[in-house]
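Take a look at the structure below.
The values are calculated or read from the model by the stated rules, or taken from the named source; none is laboratory data. Treat the numbers as computed from the prediction; the structure is a model and nothing was measured. Cβ atoms come from the backbone with ideal geometry, glycine included; neighbour counts cover every protein chain shown. Ligands, DNA and RNA are excluded from the accessible area calculation, which covers all protein heavy atoms including side chains. Shrake-Rupley method; radii C 1.70, N 1.55, O 1.52, S 1.80 Å.
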Amino acid sequence: GASVIDNNYIKNKLVPAIISVCRNIDLLVKEVPLIEYENAYDGKCAVIVSAGPSLDKNIEILKKYRKNAIIFSVGQALRTLINNGITPDFTGSLEANNQMSQYEGIDTSDIDLILEPLTYGALHKSKFRNKISYPSYTSVPNLIWSGFANIDSSKYLSSGTVSYMMLYSAKIMGFKDIVLVGQDLAFIDGKCYTK
């Protein structure tokens, strides 16, 4: 059983992610490592917006206090924010597979993108204000890039989800208060994601 799971992981996840890193090399060298933003927002408030259904219930509060916080959005929550007149400061991605539909039709030129080296290549090529590299040490393909580029990735955690990557980014950036919105750990009214 375990060897079949390992083989399926290597074939379906690991190899495509390593190939993605290799294809992205010419773009990765141009991206600023997140560590260069260490403590740049010392003492400020961050809001990490995830795509859970409670986002719909909290969107008006988020609008009301928008000017008081720096907003980080996962890709799946981005459209909900934009449709409600909220442009986040940061969005993030850590998927090697194609998630471009999350960004289609959205002007991202005023948003910074935090992304892992293994992230789908078209996102590395897309127009964002800045692209910030987050080579998490919990990912073998990212470790390959970190070793190749001589980057200390020990501060970059992701725990496998973009919400955590955004949280860890905010911590590295020095935010004093970090608020989570839409980070639901259960179905709400039978829904898993925001409308």
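Structure values in brief
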read-out: Semi-axis lengths (Å, descending) of the ellipsoid that matches the C-alpha gyration tensor of the chain; value: 27, 20, 16
read-out: Partners for residue 44 among aspartates and glutamates (Cα-Cα distance below 12 Å; same-chain residues under 8 apart left out); value: 177
read-out: All aspartates and glutamates inside 18 Å of residue 131 as judged from Cα atoms, apart from same-chain residues fewer than 8 positions distant; value: 26, 31, 36, 38, 89, 95, 104, 107, 110, 112, 116
read-out: Accessible surface, 1.4 Å probe, highest first, among residues 45, 22; value: 22, 45
read-out: Of 97, 147, 15, farthest towards positive along the dipole that unit charges on Lys, Arg, Asp, Glu beta carbons give the chain; value: 97
read-out: Cα gyration tensor shape of the range 21-124, rounded if a/c is under 1.5, else prolate or oblate by comparing a/b with b/c; value: oblate
read-out: The chain, dipole about Cα centre (Lys/Arg Cβ +1, Asp/Glu Cβ -1), debye to the nearest 20; value: 280 debye
read-out: Label point at residue 150 placed 7 Å out along Cα→Cβ; residues across the range 12-30 whose backbone nitrogen lies under 17 Å; value: 29-30
read-out: Cβ-derived FRET efficiency at R0 30 Å, residue 127 paired with residue 25, nearest 0.05; value: 0.90
read-out: For the range 69-84, Karplus couplings with θ = phi - 60° (6.51, -1.76, 1.60), whole Hz, Gly/Pro x; value: 8, 8, 9, 10, 10, 6, x, 5, 8, 4, 4, 4, 5, 4, 5, 9
read-out: Too-long pairs where the Cα-Cα distance tops 31 Å, listed order kept, from 57/176; 30/63; 67/155; 63/176; 30/176; 67/171; value: 30/63
